[in-house]
Every structure is written in structure tokens, then in C-alpha cells.
Number of protein chains: 2
Amino acid sequence: MISSTEKISIIRLQGDTCEKIEDEVTVEKPFTIYVNGEEFITLLCSGNGEEHLMVGFLASEGLIKKVEDIKSVNIEHETGRGYIEVSEGVLMKKKAHGKRTLTSGCGKGTIFYDVLDSLTAKPLESAFKIDSDKILELSREFNDASVEFKATGGVHACALCDESEMLLFHEDIGRHNALDKVIGNALKNKIEIKGKWLLTSGRISSEILIKAAKQGIPMIVSRSAPTKLAVELAEQMNVTIVGFARGRRMNIYTVADRISCPVSE
Amino acid sequence: MISSTEKISIIRLQGDTCEKIEDEVTVEKPFTIYVNGEEFITLLCSGNGEEHLMVGFLASEGLIKKVEDIKSVNIEHETGRGYIEVSEGVLMKKKAHGKRTLTSGCGKGTIFYDVLDSLTAKPLESAFKIDSDKILELSREFNDASVEFKATGGVHACALCDESEMLLFHEDIGRHNALDKVIGNALKNKIEIKGKWLLTSGRISSEILIKAAKQGIPMIVSRSAPTKLAVELAEQMNVTIVGFARGRRMNIYTVADRISCPVSE
């Protein structure tokens with residue numbers, strides 16, 4: 001695995017002393033994705049796990065649904081480029097996507113509402129249940145695994161878990177990238193995402209929620225806060241949101257009946 | 001000012017107790033910008049300061065340069081829409097922009113490199129100097145002002161400062177939005193941004209750096225971390241980056257000679 005932190009020389013001021021020291025900073029690199037030879041997007045990312053990122057990004061955008069949609073993948077680390085060849089049917093979708101992007105201003109306008117409509121119309125069905133102790137146990141494991149965050153304070157982490165353990169773990173400077181890497185890794189390695197749950201270090205915004213719900217994820221847990229819109233949408237989509245999962249505490253915002261925890265009146 | 005936090009009912013688990021409580025969460029709202037009647041983009045934001053956000057976003061995108069470029073502004077709070085009428089010359093630029101967006105995948109591809117080239121070609125000239133004590137003093141003031149962050153843990157803050165005080169302060173769920181609100185407010189109220197410095201609660205990524213450098217800002221201070229790419233670009237653009245400004249400490253990453261601080265050998 002390529003290291004995504006680097007040592008640089010900085011000046012540290014502490015109280016009345018000021019000294020030159022070596023400090024670790026997180027790497028940020030432009031990564032340009034080409035779909036069947038055509039430039040698609042440039043993402044700013046941590047410069048590792050690019051294959052997972054590329055596959056996951058295209059899956060999140062709805063272009064790729066399964067590993068069979070991919071004909072080949074080629075990552076050029078030196079130039080920061082990723083080339084993916086997809087099947088003809090997928091390419092047709094890409095063209096439709098490009099068209100929508102134009103009308104809706106960067107894929108965030110009309111598409112946002114389109115996606116919302118389709119997701120809220122069909123609330124997630126899932127028999128998923130978990131014990132609150134297990135959530136806190138895996139949250140601790142997740143924090144321990146976030147080595148880059150500990151070294152630099154500059155990255156986000158995301159993990160896919162089942163009822164008993166963490167299955168996949170990725171870090172990136174972007175919380176969306178970290179989630180896309182998890183999705184891409186799962187897709188490439190045929191790990192079923194549907195019905196599994198997510199741990200994230202970042203805030204739970206509507207966009208993170210929507211990205212997860214599209215993959216059939218019944219629960220998102222964060223050590224940080226959700227937004228009001230994410231909470232409202234999660235209620236409609238039947239997704240459990242847990243925030244501020246730290247130490248021995250957590251806040252359950254939606255669909256609490258999936259989590260068994262001690263009840264006081 | 002419209003409150004951008006709301007109280008909701010949640011379940012809090014703490015140790016062995018589990019109880020229903022009221023908790024504050026930060027608001028997140030889609031806000032769609034229409035330029036001369038045409039849909040431009042939908043941003044997800046905190047649902048306040050939309051006028052500043054709209055003007056600042058278009059300034060950051062390079063469409064608006066001065067208040068005279070704006071013919072009228074109209075915010076519809078109920079529908080989450082903002083209508084801005086710009087002069088004919090600005091509209092021509094918007095059309096060119098739309099075209100580039102199409103070729104470069106969501107404005108993040110070719111444009112990223114174009115912007116970089118023009119910024120690194122002309123390093124910022126600025127005689128800006130400041131004392132390290134003043135940075136830490138205004139950082140404390142900045143933290144005290146971040147009331148929404150304290151209430152919800154879910155927002156970012158950004159402030160424009162001069163050598164002696166904080167001039168503008170905005171919060172938003174997005175660190176880019178918070179900066180755009182500052183830029184929009186300054187532009188609308190004819191406050192010169194060039195030569196002033198920024199405080200931000202968020203990480204300093206290349207995109208935040210570029211957005212600030214485009215406005216002629218010589219220094220960005222954060223309580224969080226910068227990325228390696230931001231540090232490299234700041235060096236080339238002659239912008240001072242200060243990270244982890246907390247309590248009585250800070251890390252100076254680039255162009256340290258603007259900051260007078262106690263020197264040990």
C-alpha cells in the first residue's frame with residue numbers, strides 16, 4: 001500500500017517557543033477518471049486505492065451496478081489517471097448521465113430531486129438488528145484503525161461492517177471518497193453491501209445518506225453529527241442513523257428499533 | 001437571522017442508560033441558484049445567508065467580479081431558490097463556463113489545471129505582516145463565535161480578518177459554503193478582500209486554498225490540518241498556511257516570514 005502521508009519541514013509555535021520541526025501531512029492528489037477513453041471527472045483524493053475509488057465513484061453515480069459491467073481497469077500512478085473500460089450498455093447510461101448533468105448544473109440539481117423521489121418512494125426493507133454494545137465495540141476498532149487520521153488529523157475513514165465485524169476499511173481526504181472506496185472494493189470483490197452497515201468518521205449529510213441508501217445499507221454510524229435533512233430522509237427511507245458514537249455513548253436519530261439497548265423508562 | 005439548528009427527539013445511550021431526549025441538529029437545505037432565469041446549480045447549505053452564498057459562489061466560480069455585475073437578487077426561502085440577474089457581459093462568461101463544464105466533467109477536470117496554471121504563474125504579492133499573538137487571539141474569538149458548531153457539532157465557520165480584528169463571520173454545513181458566504185458578503189458590501197486573511201474551522205485542501213488565493217488572500221489559518229498539495233501550491237502562490245491554531249500553539253507550513261513570533265535557535 002502506498003503511504004498517503006509525507007513528512008515536511010514546518011515551524012511549530014508552542015507557548016513562547018518557536019522551532020523548525022518535521023511534521024506529517026496528508027497527501028492530496030488530483031485523479032482523473034477516463035471512461036472508455038473519454039475524460040469523465042477529476043477527483044481530489046489521497047493518492048491510494050484509486051482502483052476502488054474509481055469503481056466506487058462510478059457505482060455511486062449509478063453507472064456501474066456489478067463487476068461484470070467492467071471490461072478493464074488501468075491506473076497510471078505517475079500521471080494520476082485512471083482508465084476504465086465499461087460495456088456498451090453502461091456507456092449508453094453514461095451518455096444519458098452527461099446530458100442530465102448539463103441541464104441540472106453539475107449533477108446536483110434535478111438529479112438530487114430525482115434520486116430523492118425514487119429512494120423515498122421505496123423505503124428500505126431490512127431485518128437488520130444489532131446490539132448497541134457491538135456498535136460501540138466496532139466504533140473503537142474503527143478509531144484504532146484510523147492510523148492516518150491519528151498521524152495527520154487530515155483524513156476521513158469509512159468501514160463496511162456486518163453484525164459481528166469490520167469487513168472493509170478505507171481512508172481518504174474526502175469522506176465521499178472513503179465511502180466510494182468501500183463501495184468499489186465491495187463491488188470488485190463481490191462482497192454484498194446490501195444489508196451491511198457503515199461506520200464513518202465524517203458528518204452524515206443528505207448526500208452521504210443517499211449514497212449509502214442507494215446501496216441498500218440499513219444503518220450508518222458516525223462519531224460526528226448528522227444534519228436535519230439527513231435525519232428526515234433517513235426516516236422516510238427507513239435507514240437507522242447513529243451519531244456521536246464515542247466511548248460508551250451514542251445518539252440514535254432514526255429507526256431505533258434495529259438497535260437493542262438497555263431501556264430506562 | 002434565521003436559526004439554522006432545530007430540536008428533534010432522539011434516543012441517547014450513555015453507559016447503561018438509554019433515554020429519549022431533545023437534541024439540536026443543524027439544518028441542511030437544498031438551495032437552487034438561477035442565473036438570469038436559467039437553473040445553474042443546487043447547493044446543499046444551512047438555509048441562512050443565501051444571498052451571500054449565491055453571490056459568493058458565483059464570485060468563486062469567476063462569474064461575478066464586482067457588485068456592479070449584479071442587476072438584482074431575489075431569495076425565495078420557502079422553495080429554496082435564489083434568482084440573480086447579472087449583466088450581459090457576465091452572462092457571456094457563464095455560457096463559456098457551461099461549455100467548459102461539459103468537457104471537463106463537472107468543472108473539476110480541465111478547469112482545475114487551468115486555474116492552477118494561472119495562479120502559480122503569478123505568485124501573490126503582499127506586504128501583509130502579523131504577530132503570532134494576534135492570530136491566536138482572533139482564533140479564540142473565532143471559536144467563541146462558532147455558536148452553531150458548539151450546539152450541533154455539525155457546521156463549519158469562516159471569518160475574514162485584518163491585522164487587528166474579525167470583519168466578517170459565517171457558518172454553514174459546508175466549509176466551501178462558509179467561505180463563499182464571506183466572499184459574497186464582502187463583495188456585496190464593498191469590503192476589500194485582497195490583503196485580508198481568513199480563519200476557517202475546516203481542513204485546508206487545495207480547493208479552499210485556490211478559492212482564497214483567487215481573491216488575493218495572503219494567509220489562511222485553520223484549527224485543523226492542511227493537505228500536502230495545499231502546502232505545495234501555497235508555497236508556489238506565496239500564501240501563508242497556518243494549521244492547528246489551538247490554544248497557545250500553531251503550525252506554520254508556508255511563507256512563515258509574514259508572522260512575527262518568538263524565535264529559538
Which condition number in (1) part of a helix (DSSP H, G or I); (2) surrounded by fewer than 19 Cβ atoms within 10 Å (Cβ to Cβ) is the one that A:Lys65 fails? (1)
Do we find that B:Ile33 is in a strand (DSSP E or B) and farther than 25 Å from A:Gly243 by Cβ in this structure? yes
Condition first: among the small types (Gly, Ala, Ser), more than 22 Å from B:Glu137 (Cβ to Cβ) and either buried (at least 19 other Cβ atoms within 10 Å of the Cβ) or in contact with a Pro (Cβ under 9 Å, 6 or more places away or on another chain) (or both). Can you find one or more residues in segment B:232-244 that meet it? yes
Only one of (1) among the aliphatic types (A, V, I, L, M); (2) buried (at least 20 other Cβ atoms within 10 Å of the Cβ); (3) within 11 Å of chain B (Cβ to nearest Cβ) is not met by A:Leu58, so which one is it? (3)
Flagged in segment B:11-29 as farther than 28 Å from B:Glu50 by Cβ and facing another protein chain (nearest Cβ under 7 Å), in numbering order, are B:Ile11, B:Arg12, B:Leu13, B:Gln14, B:Gly15, B:Asp16, B:Thr17, B:Cys18, B:Glu19
Residue list for segment A:86-131, restricted to those being under 30 Å from A:Glu235 (Cβ atoms), over 22 Å from the mean Cα position of the chain (by Cα), of a type in the set (Gly, Ala, Ser) and at pLDDT 60 or above: A:Ala121, A:Ala127
Are any residues in segment B:186-201 more than 24 Å from A:Ile204 (Cα to Cα) and surrounded by fewer than 22 Cβ atoms within 10 Å (Cβ to Cβ), and if so, which ones? B:Lys188, B:Asn189, B:Lys190, B:Ile191, B:Glu192, B:Ile193, B:Lys194, B:Gly195
Mind checking which residues of segment B:149-170 are more than 9 Å from the chain's Cα centre (by Cα) and farther than 14 Å from A:Ser224 by Cα? B:Leu160, B:Cys161, B:Asp162, B:Glu163, B:Ser164, B:Glu165, B:Met166, B:Leu167, B:Leu168, B:Phe169
I'd like the residue in segment B:212-231 that is facing chain A (nearest Cβ under 7 Å) and not aliphatic (A, V, I, L, M) and, out of all such residues, is surrounded by the most Cβ atoms within 10 Å (Cβ to Cβ). B:Pro226
Which of the following residues is over 23 Å from B:Arg175 (Cα atoms), touching a strand residue (DSSP E or B) at 6+ places or on another chain (Cβ under 7 Å) and among the basic types (Lys, Arg): A:Lys196, A:Lys181, A:Lys188? A:Lys196
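The values are calculated or read from the model by the stated rules, or taken from the named source; none is laboratory data. As the structure is a computational prediction, the values presented were derived from the model and not from experiment. Ideal geometry is used to build each Cβ from the backbone, glycine not excepted, and the neighbour counts take in all protein chains shown.
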